[in-house]
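J.: Structure incoming, see below.
Just so you know, all these numbers are worked out from the coordinates, no wet-lab data involved. Everything quoted here is computed from the prediction, not taken from an experiment. Here Cβ is always computed from backbone atoms with ideal geometry, including for glycine, and neighbour counts include all displayed protein chains.
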Ligand code: AMP
């Protein structure tokens with residue numbers, strides 16, 4: 001078994017196995033602590049840190065998992081090149097006051113005989129699901145494992161991955177998992193670009209194109225709020241995005257904020273605009289509320 005680094009006043013405990021996590025959770029519970037879980041794939045930035053900060057407000061102890069989950073990457077996606085910055089991540093979590101970091105090896109999460117998968121119908125099939133077959137099965141399976149390993153009182157997910165957040169809410173409700181799911185608003189840079197570990201792939205010229213995504217979505221929200229016809233706004237904005245310099249547009253949809261079904265008329269329900277584009281080797285996603 002790997003060595004568990006003991007927490008000092010502010011140093012997070014480093015855990016590498018489900019067994020070590022269970023032991024840490026037991027001790028936290030003995031002290032009457034409420035536990036928050038923040039699942040991540042590392043390469044931490046201020047978006048992730050907003051989740052940690054929110055966790056610290058909602059619980060006594062925050063555990064952050066860092067695991068680049070192979071089952072949520074498609075065959076032609078960036079699993080092998082996904083940024084891995086463990087040393088810097090640990091420093092950020094130390095500075096933020098996280099209490100524990102779970103850093104499992106792939107073999108720990110997916111031992112040789114592993115065959116189980118969690119699949120969530122309906123909502124998983126649209127948008128990202130339609131363009132990344134199997135992606136949400138991988139997400140749901142790993143998140144379910146983490147929720148069962150940690151049994152947190154609350155788990156925090158970013159609205160950056162808005163569809164993922166809705167799917168996790170469905171998972172927790174359907175399987176009676178006793179964890180509150182908190183969504184945290186998107187953290188953006190000064191140009192409005194949603195922070196993402198994958199933004200590291202963008203060069204300067206691509207960055208200038210990338211910011212057109214958030215600007216288009218915010219402009220759409222403004223127009224729809226002002227009463228403009230949804231289909232017209234969508235058609236014009238699709239044309240704008242196609243001219244902005246992206247290599248391709250996977251989707252641009254105006255959806256019911258909970259079910260993520262496409263909407264063509266505003267009837268008083270909460271709406272969300274969601275989009276995914278390709279730019280060089282980077283795939284960008286973003287969303288805004290209406
Ligand atoms: P990832 O490491 O990309 O799997 O993300 C881990 C968590 O951080 C997910 O719940 C993401 O939605 C969230 N997250 C990533 N980027 C942002 C951001 N810019 N703002 C808010 N949450 C984010």
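J.: Shape of segment 206-290 from its Cα gyration tensor (a ≥ b ≥ c, root eigenvalues): rounded if a/c is under 1.5, otherwise prolate when a/b > b/c, or oblate?
T.: It comes out prolate by the Cα gyration axes.
J.: Follow-up question, since we're still on this one. Answer rounded, prolate or oblate for segment 57-195, using the Cα gyration tensor with square roots of eigenvalues a ≥ b ≥ c: rounded when a/c is under 1.5, else prolate when a/b is larger than b/c, else oblate.
T.: Note, shape of segment 57-195 comes out rounded.
J.: Taking the Cα atoms of the chain alone, what are Rg (to one decimal) and Dmax (as a whole number) in Å?
T.: In order Rg, Dmax, the Cα atoms of the chain give 19.5, 61 Å.
J.: Order the peptides 187-196, 26-35, 234-243, 108-117 from the highest to the lowest mean number of other Cβ atoms within 10 Å of their residues.
T.: Per-residue Cβ counts within 10 Å, averaged per peptide and sorted highest first, yield 187-196, 234-243, 26-35, 108-117.
J.: Moving on to the next point. Working only with C-alpha atoms, what are the Rg and Dmax values of segment 243-290, expressed in angstrom?
T.: Every Cα atom of segment 243-290 included, Rg and Dmax give 12.4, 38 Å.
J.: Please report the antiparallel percentage of the DSSP beta bridges confined to segment 1-121, to the nearest 5.
T.: If I count the DSSP bridges inside segment 1-121, around 10 percent turn out antiparallel.
J.: Simple spin-label model, 7 Å along Cα-to-Cβ: residue 57 to residue 264 in nm?
T.: About 4.1 nm, to one decimal.
J.: Mind ordering 258-266, 130-138 by average Cβ neighbours within 10 Å, highest first?
T.: Averaged packing, sorted descending, gives the order 130-138, 258-266.
J.: Between residue 125 and residue 248, what's the calculated FRET efficiency when r is the beta-carbon distance and R0 is 25 Å? Round to 0.05.
T.: Result of the calculation: an efficiency of 0.75.
J.: Just the number: Rg to Rh for segment 116-182, Cα atoms, Kirkwood Rh, two decimals.
T.: 0.94
J.: Over segment 216-290, calculate the relative contact order: mean separation of alpha carbon pairs under 8 Å at least 6 apart, over the residue count, as a percent.
T.: 31
J.: Against the globular-protein guess of 2.2 N^0.38 Å, express the Cα radius of gyration of segment 22-125 as a ratio, rounded to two decimals.
T.: 1.21
J.: Only bridges whose two residues both fall in the chain count here: according to DSSP, what percent of them are antiparallel, nearest 5?
T.: Bridges in the chain that DSSP calls antiparallel: roughly 50 percent.
J.: Please give the FRET efficiency for residue 180 paired with residue 33, using the beta carbon to beta carbon distance and R0 = 25 Å, rounded to the nearest 0.05.
T.: 0.95
J.: Please compute the modelled spin-label separation between residue 211 and residue 173, points set 7 Å along Cα→Cβ, answer in nm with one decimal.
T.: 3.8
J.: How high is the FRET efficiency from residue 278 to residue 204, r the C-beta distance, R0 22 Å, rounded to 0.05?
T.: After rounding, the FRET efficiency stands at 0.75.
J.: Could you give the length gained on full extension between residue 116 and residue 84, defined as 0.36 nm per residue of separation minus the Cα-Cα distance, in nm?
T.: Extra length from residue 116 to residue 84 when fully extended: 8.9 nm.
J.: Let me ask another. Taking square-rooted eigenvalues a ≥ b ≥ c of the alpha carbon gyration tensor, is segment 19-75 rounded, prolate or oblate, where a/c under 1.5 means rounded and, failing that, a/b exceeding b/c means prolate?
T.: Because a/c hits 1.5 or more and a/b fails to exceed b/c, segment 19-75 counts as oblate.
J.: Compute the relative contact order of the chain as a whole-number percentage, counting only Cα pairs closer than 8 Å that sit 6 or more residues apart in sequence.
T.: Once divided by the residue count of the chain, the mean separation gives 17 percent.
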